[in-house]
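Shown next, in structure tokens, is the structure this report addresses.
The values are calculated or read from the model by the stated rules, or taken from the named source; none is laboratory data. Quick caveat: nothing in here was measured; it's all calculated off a predicted structure. Note: ideal-geometry Cβ built from the backbone for every residue, glycine included; neighbour counts use all protein chains shown. Quick note on the areas: whole protein, heavy atoms, side chains included, nothing else; ligands and nucleic acids left out. Shrake-Rupley method; radii C 1.70, N 1.55, O 1.52, S 1.80 Å.
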Amino acid sequence: MDATAPKLIDPFARAIEYLRVSVTDRCDLRCVYCMAEHMTFLPKKELLTLEELDRLCSIFISLGVKKLRITGGEPLVRREVMTFFRSIGRHLDTGALEELTLTSNGTLLRRHAEALAAAGVKRINVSLDTLDAAKFAEVTRWGRLGQVLDGLDAAADAGLRIKINCVALKGFNDVEVHQIVEWCGARGYDLTFIEVMPMGEIGEGDAARLDQYWSVKDLRAELETRWRLEDIPFRTGGPARYVRNEDTGMKIGFITPLTHNFCESCNRVRLTCTGELFMCLGQEDRADLRTPLRDGSSDEEVADAIRAAIARKPKGHDFDYSRQSVAGRMSRHMSHTGG
Ligand code: SAM
Ligand code: SF4
């Protein structure tokens with residue numbers, strides 16, 4: 001495709017430069033806020049093949065996407081996913097892509113860390129809500145903490161920078177947030193706390209999740225009883241706001257998708273593993289890109305479908321827990337859209 005092809009600018013003059021790609025809906029864990037214990041996963045034919053993912057991502061890159069985050073489900077459980085990483089890494093070599101990264105639960109990092117680094121991945125996000133093995137098994141339903149810690153060591157040895165994503169859950173990890181901050185600080189990991197979001201039907205019912213909701217505002221107040229936190233202007237175009245911990249020197253992010261509007265700076269869209277493009281995490285509108293990929297359309301025609309979708313990107317979303325009902329709740333799982 002023509003390198004001078006028009007870049008993706010949405011109706012609110014936001015340049016779309018960040019694509020999150022879910023490469024699978026499957027996962028080897030079942031975090032209680034993310035998945036039901038018994039999940040029915042998509043049949044293989046529904047999923048984009050690795051070749052289709054590569055083609056589509058390459059078209060996005062030709063349209064100005066500079067940052068790709070690979071997610072899932074758990075991206076590292078997708079068979080041959082390293083082939084995809086190696087292949088898409090070619091766009092880093094040309095400079096068209098500035099960053100290739102992933103969000104992972106860390107269970108398979110021991111196996112893949114070296115290959116990820118070799119493909120050009122420099123930083124990874126690893127989700128970890130607790131440092132207590134029994135609680136880890138509880139929140140993931142069967143995960144082994146030691147496996148994730150070992151994966152983190154492998155990632156650090158491979159030279160990957162690590163950021164921990166921690167979902168803040170009242171009555172669960174509220175008692176260990178200081179320890180988590182300290183642990184990340186000692187290892188040089190960045191850390192982002194995430195408010196639990198209303199996503200999909202996950203078995204326990206909305207009440208259970210509302211009960212666990214802990215605003216990062218309150219969490220920050222708790223952290224400030226022990227650490228000196230300074231606001232810093234660092235932004236990624238996403239929902240996170242950052243502080244520097246003056247005591248450890250580390251950056252701590254807070255993601256408050258429910259209580260604050262971060263949409264004005266939104267630079268991202270999300271592609272599901274079935275080729276649906278979601279222009280906003282909080283809206284149901286989507287564009288089907290799998291059909292043009294499979295019906296013989298040219299790259300230019302696929303690019304037109306992407307441009308038409310971006311032209312529909314809404315101004316913002318409408319989640320709101322504050323009304324004590326789960327308003328604006330989305331029916332799809334985070335593991336489908338790729339959190
Ligand atoms: N499996 C990978 C992982 O766990 O990092 C990638 C996919 S996971 C869906 C991406 C992120 O979404 C994780 O950090 C996870 O904690 C977060 N997440 C999942 N469900 C969530 C929810 N209901 N509220 C807030 N964060 C959620
Ligand atoms: Fe799997 Fe990640 Fe969802 Fe946990 S949050 S169930 S690790 S996809």
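From the Cα gyration tensor of the stretch 17-74, with a ≥ b ≥ c the square roots of its eigenvalues, which class applies: rounded if a/c is under 1.5, or else prolate if a/b is larger than b/c, or else oblate? Oblate.
Among 218-230, 267-279, the peptide with the highest mean count of other Cβ atoms within 10 Å heads the list, and the full ranking is 267-279, 218-230. Relative contact order of the stretch 18-337: 19 percent, from C-alpha pairs under 8 Å at least 6 residues apart in sequence. Here the stretch 76-222 exposes an accessible surface that is 48 percent carbon and sulfur, computed with a 1.4 Å probe and the other protein chains kept in place. Partnerless cysteines in the chain, where a partner means another cysteine C-beta under 4.7 angstrom, comprise Cys27, Cys57, Cys166, Cys184, Cys263, Cys266, Cys273, Cys280. Think of the stretch 18-337 as having a plus end and a minus end, set by charges on the Cβ of Lys, Arg, Asp and Glu; of Ala117, Gly171, Gly282, Ala117 sits farthest toward the positive end of this dipole.
Placing +1 on each Lys and Arg Cβ and -1 on each Asp and Glu Cβ, with no other charges, gives the chain a dipole about its Cα centre of roughly 320 debye. When only alpha carbons are used to place a centre, the stretch 47-101 and the stretch 119-144 end up 23 Å from one another. Start at zero, step by 10 Å, and the Cα-Cα distances of the chain spread as 5, 26, 36, 26, 7, 1 percent across the bins. Applying 1/(1 + (r/R0)^6) with R0 = 25 Å to the Cβ-Cβ distance of Arg55 and Ala96 gives a FRET efficiency near 0.95. For the stretch 87-239, taking the reciprocal of the average inverse distance between every pair of different Cα atoms yields a Kirkwood hydrodynamic radius of 17.1 Å. Modelled this way, with points 7 Å down the Cα-to-C-beta line, the labels at Ser265 and Asp157 are 3.7 nm from one another. What FRET efficiency comes out for the pair Lys217/Lys45, r = Cβ-Cβ distance, R0 = 35 Å, nearest 0.05? It comes to 0.20.
Net length available on complete extension from Glu284 to Ala13 is 95.4 nm, with 0.36 nm assigned per residue and the Cα-Cα distance removed.
A simple count of charges around Arg69, restricted to other residues whose Cβ falls under 11 Å of its Cβ and scoring Lys, Arg +1 and Asp, Glu -1, yields +4.
A 1.4 Å probe run over the protein chains yields, for the stretch 18-337, 41 Å² of accessible area per residue, whole-number rounding. Calculated [222 nm] ellipticity per residue, helices only, for the chain: -8500 deg cm²/dmol; basis is -39500 (n - 2.57) per DSSP H run with n ≥ 4, divided by all residues, nearest 500.
From the residues Val302, Val77, Ile194, which one has its Cα farthest along the dipole of the chain in the positive direction, the dipole being from +1 and -1 charges on Cβ of Lys/Arg and Asp/Glu about the Cα centre? Towards the positive end, the residue furthest out is Val302.
The ratio of the alpha-carbon radius of gyration of the stretch 55-170 to the globular-protein estimate 2.2 N^0.38 Å is 1.12.
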